[in-house]
Every structure is written in structure tokens, then in C-alpha cells.
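Okay, structure first, notes after.
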Amino acid sequence: MTHQLDNLEAEIQRLLTENDRTAEQGITIQRRENTVVLGGEVESAQRRDEICRQITTRFPEVEITCDIGITRAQAPTEVEEIS
């Protein structure tokens with residue numbers, strides 16, 4: 001891996017925060033050996049895919065695992081029973 005891992009997390013955060021297309025601050029970044037794992041939740045699959053695309057494009061030499069979930073943005077369709 002040619003990219004310095006010491007600064008990688010900060011560079012990814014900066015890319016996500018400062019990029020007009022994402023402006024995302026809620027993504028976590030964890031290093032696991034030679035892999036970077038992206039976590040957190042966003043409001044759509046398209047947003048998740050765009051975030052992962054930007055990072056893999058910017059850091060092609062880094063193995064990226066995109067573990068970003070999708071939050072439910074609509075109202076629930078069933079009644080929750082509380083006992």
C-alpha cells in the first residue's frame with residue numbers, strides 16, 4: 001500500500017466533509033490491518049454509493065469496505081405495539 005495510513009483517516013474525513021456532493025460528517029472510518037472500513041448511516045443508497053465511489057476513486061490503492069447503512073426516512077407502515 002503506497003498511501004500513508006497515518007494520514008489516511010484524516011484525508012478521507014476531509015474529502016467527505018469538504019466535497020460539495022457529499023458534505024458528510026457522520027461517516028466513521030476504521031482501519032483494520034490493510035483495509036479501511038466506512039461505517040455510519042445515510043438517507044439513501046444513492047448517497048452511500050456516491051460516498052464509496054468518491055473514496056475509492058480518490059484512494060485507488062487502498063482496500064475499502066463500505067459498511068454504510070441506510071436510515072429509514074419514511075414514516076413506519078405498521079403500528080408498533082408496546083407491552
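Give the residues of the stretch 43-71 that are touching a helix residue (DSSP H, G or I) at 6+ places or on another chain (Cβ under 7 Å), under 15 Å from residue 11 (Cβ atoms) and open to solvent by 50 Å² or more (accessible area, probe 1.4 Å), sorted by residue number. Selection gives 58 alone. Residues in the stretch 17-39 that are open to solvent by 30 Å² or more (accessible area, probe 1.4 Å), modelled with pLDDT of 85 or more and under 22 Å from residue 72 (Cα atoms): 28 alone.
The values are calculated or read from the model by the stated rules, or taken from the named source; none is laboratory data. This one's a predicted model, so the numbers in the text were calculated from it and none came from an experiment. Quick reminder, even Gly has a Cβ in these numbers, built from the backbone with ideal geometry, and neighbours come from all protein chains shown. Ligands, DNA and RNA are stripped out before the accessible areas are found, and what is left, the full protein with its side chains, is counted by its heavy atoms. Shrake-Rupley method; radii C 1.70, N 1.55, O 1.52, S 1.80 Å.
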